[in-house]
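To start, the structure under review is shown below, and the notes come after it.
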Amino acid sequence: MGSFGADIKGFIIGNVMLDIHKINLRQLKWIAILAPIAFLVVFDYVRHFVAWGAFLHTRLGFALIYTTALVGVFIFTEIVFHLIQRIQDKVVRQNEELSAVSQIAESLGLSLSVNAILRDALDRVMRLVRADGGAICLLTTDRLELFSETYSGLSPRIVERIRRQKLADAPIGTKVVTTGSPVIIPDVQEGDNASLKETARREGFGSIMSLPLITQGKVVGVMVLTAQRAGTFNDSTSRLVSGIANQVATAVERASLFDEGSRRNREMAALNELSTAVSSSLNLKEVMNTALDKALELLGMEAGEVWLWDESAQEMVMASHSGLFPEAFKEITRFKRGVGFPGLVAATGEPFVCPDISTEERFIRNAVRKAGIRFLACVPLKAKGKVVGALDLATRESRQLTPRELQLMTSVGNQIGIAIENALLYQKVQSLAVAEERGRIARELHDGVAQVLAYVNTKTLAVKRFLDKGELELVRRELSQLEAAAKEVYADAREAILGLRSTISSPKGFIPALEEYFHKFYQMNGIPVSFIMMPEDLTLKLDPQAEIQIIRIIQESLSNVRKHSHASQASVKLEARDSNMSVIIGDNGRGFDPSQLSRGNWPRFGLRTMQERAESIGGSLVVESHPGGGTEVTVTIPYHSQEEGYANIAR
C-alpha cells in the first residue's frame, strides 16, 4: 500500500504540475477544507444516483467504496503534506537568503578597504548561490577597461585574462555595462557563442551569470559567477544577487572615496615631507639625491634620475641616479635638445610617459632595455616657468600612469625644480659673497700691510741717504721706526690669522666663538674685553653670513683699539630689542674727532670696510668718539627672537 500510495502521489504531483510559487498557506487552507467536502459530495452522489448504485450497497460495494475513500484520503494527505513541506523549504530557503543578505550588508559596512569588501562579498555570494567560481571586476575611470584583483575558483588562465581586460574584448561584460542588466546563461553548451562554449568545456563550467554593480544610477563594475552544473542560475537567483551586487557597488563607492581621501592625505604628507627635505639643505647634490629618493618612494618606482639643463651646451646632463642598474642608465649621460626622453622634455616642456620602452624608438639607451626596464616616465623640472632639468622614474613592470599619478609626479618635479633653482642661486650668492669678501680682505691688506710696507720702503730709502751722508744718529732713528713698523706688521698678521680662524664656522656656535676670540685677544695684546649680553639669557641663531660679518666688524674694531686708542679696557655688548639687535664695541682710550678724519688719513681705522660689512647684512654702522672720551662703534641689524621660531638676518 505504501509503494502504491507513493507511486500514485508521484503520478498525481508530477502530472497535476502544481506550481509551488503560486500556492501560499491561505490557499492551502481552503484546499484542505474544500477538497474533502467535494470528494464526499461526489462520492455520495455516485453511490445514490449512478446506474450501478445498487451494487454499491452490497458488501462488496461497501468494501470498494471505503477502500477507495481510504486511498483518496491517503493520497490527499500526502499531497497536502508535500505541498506544506515545499512551502516550508521555500520559507527556510528565503530565510537563509535573507540572513545571508543581511550578513553581507552588515559585513559591507564594517570595512573601508575596497579589496576586503570585494573578497568578503564574493565569498558570501558564492556560498549563497552555490557557485563554483567567481570574480568581481571594476571599471577604470575612463570606462574602457575592467580590472580585477578579487576572484575565486578560477583557473590561472582565466585569472590572467580578467586581471586587466579591455571592455571591447569582453562581449558579456560590455553588454552588462552598457545595458545595466544581468546576463544569465543557464546552459552554456546550448548557446551560440562557440568561443564561450569551448572555454566552458575546457574550464568545466556549465552555467554563467554576470551582474552589474550599480550605484547612483551608474555601473561601476561587474560580478561574474560560474557553476559546473547547468541550470544553476535563473531569474530568481539573478534578482537575489542583483540586490547584493548593488549593495557591494555602494560599499565600493564609499570605500573608494575613503581610499581617495586617504591617498590624497598620504600624497600631501609625502609632498610636504619632500618639500621639507629638499628645503632643509642648499647643497645641490644633497637636494637632488634626497628629492630623488623621496620621489621613488612616493610613486613606487625602482630607478630614477635627475637631469640638469646646461644652458651653455644646450644639453640635458645627468646629475644624479638612484635605484637599480646605475651602470645601464649611465650609458648616455648627455642629451641634446629633442634627443632621448630628457631631450624631448627639454624641447617641449611637457611630460613624456612610455608604458613599454622595448617598443619605443625614441628611447636610445639599449643597456637600460637589456637590464629589463619596461616603464619610464620623464617630467620637466621647472622654476619660474622655465625648464631647469628633468626627472625620470622607471620600473621593470609595464604599466600605465594614471592622470592622478602623472599630476603627482609633475608636482614632485615642480618642487624639485624650485629646490634646484634655490640651490643654484645659493651657489651663485656664495660665489659673490666669496668675491666680496676677497675684495674686503684686499682693501684691508691695502689699508694695513700694504701701506706699512710702503712706509718701510720710504724709511729704507731714507736710511740709505743718511748712511751716504754719514748721519748715523738719523740712521738709528729711522731704524728704530722701521723696527716699530715691523712689530706692527707682525701684530697685524697674527691678529688677521686669529680673526680668520674665528670666522670659520664651528660646532661651538656664535657666542662661544666670540668668547674664545676675546680671550685670545687679551693673551696677545694684554687688553681685557668685557662681554655683556642683554638679556643675559639671550640665545642667537643667526644666518652664517651674518655671523661672519658681525665677527669681522668686532675684530676690526678691537684691532683699532689695539693700534690707535691706547686703551686699557674694551667692551662688547649684544643687545636685542624689539625687531633689532645692536652690537656695541667700546673702549676707554683717547678717542678722536670723527669730523677731523679726512679721506687721506691713514689708516682711517677700516671704517669703510666695516660700513660695507654692516650694509651687506641689512644693518647700519655708527661711530661715536671724542678726544679723551674713548670710542664706541654701534652696529644695528634686523633681528627676530628665537621664540618667534627663528632668528633671521636680512641679506
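The values are calculated or read from the model by the stated rules, or taken from the named source; none is laboratory data. None of the values given here were measured: they were computed from a predicted structure. Quick reminder, even Gly has a Cβ in these numbers, built from the backbone with ideal geometry, and neighbours come from all protein chains shown. Ligands, DNA and RNA are stripped out before the accessible areas are found, and what is left, the full protein with its side chains, is counted by its heavy atoms. Shrake-Rupley method; radii C 1.70, N 1.55, O 1.52, S 1.80 Å.
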Above-threshold pairs, the threshold being 26 Å between Cα atoms, out of Lys285/Lys336; Lys166/Lys382; Lys520/Lys563: Lys166/Lys382
If you stretched the chain out fully between Val622 and Leu406, how much longer would it get, using 0.36 nm times the residue separation minus the C-alpha to C-alpha distance? 72.1 nm
To the nearest 0.05, how large is the calculated FRET efficiency for Asp310 and Ala269 if R₀ is 30 Å and r is the Cβ-Cβ distance? 0.30
For Leu344, tell me the accessible area in Å² from a 1.4 Å probe, rounded to the nearest 10. 30 Å²
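If R0 is 60 Å, what FRET efficiency do you get for Gln27 and Ala168 from their C-beta distance, rounded to 0.05?
0.75
All other residues with a Cβ under 13 Å from the Cβ of Ala245 taken together, and with Lys, Arg as +1 and Asp, Glu as -1, what is their net charge?
+1
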Suppose the chain between Gln596 and Leu257 were pulled fully straight at 0.36 nm per residue; how much longer would it get relative to their current alpha carbon spacing? 114.1 nm
Starting from the Cα of Ala485, step 7 Å along the direction of its Cβ; do the same at Ala116; then give the gap between the two resulting points in nm. 8.9 nm
Expected field for Arg202, accessible surface area in Å² at 1.4 Å probe radius, rounded to 10, holds 100 Å²
Taking Thr77, Thr232 and ranking on accessible area (1.4 Å, protein atoms only), highest first, one gets Thr77, Thr232
Cut-off 14 Å between beta-carbons: net charge of the residues surrounding Ile373, Lys and Arg +1, Asp and Glu -1: -1
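At a 1.4 Å probe radius, which order do Tyr45, Tyr151 fall into by accessible area, largest first?
The most accessible residue leads, giving Tyr45, Tyr151.
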Point-to-point label distance, Leu467-Gln216, nm (Cα→Cβ direction, 7 Å offset): 10.3 nm
Starting at the first residue of the stretch 231-245, write each ³J(HN,Hα) from the Karplus equation 6.51 cos²θ - 1.76 cosθ + 1.60 with θ = phi - 60°, in whole Hz, x for Gly and Pro. x, 5, 9, 9, 5, 5, 4, 4, 4, 5, 6, 4, x, 5, 4
Using amide H atoms built 1.01 Å from N in the peptide plane, name the residues 5+ places from Phe325, or on other chains, whose amide H lies under 5 Å from its own. none
What are the ³J(HN,Hα) couplings of the stretch 214-230, residue after residue, when phi is run through the Karplus curve with 6.51, -1.76, 1.60 and θ = phi - 60°? Round to Hz, x for glycine and proline. 10, 9, 6, x, 10, 6, 10, x, 9, 9, 10, 10, 10, 9, 5, 8, 5
By accessible area of protein heavy atoms, probe 1.4 Å, what ranking do Arg239, Arg477 get, highest first? Arg239, Arg477
What nm distance separates the two modelled labels at Ser102 and Leu196, each placed 7 Å from Cα along Cα→Cβ? 3.6 nm
Considering only protein heavy atoms, what is the solvent-accessible area of Leu558 at a probe of 1.4 Å, reported in Å² to the nearest 10? 0 Å²
Between Asn234 and Ile532, what length in nm is gained on full extension when 0.36 nm per residue of separation is reduced by their alpha carbon distance? 97.9 nm
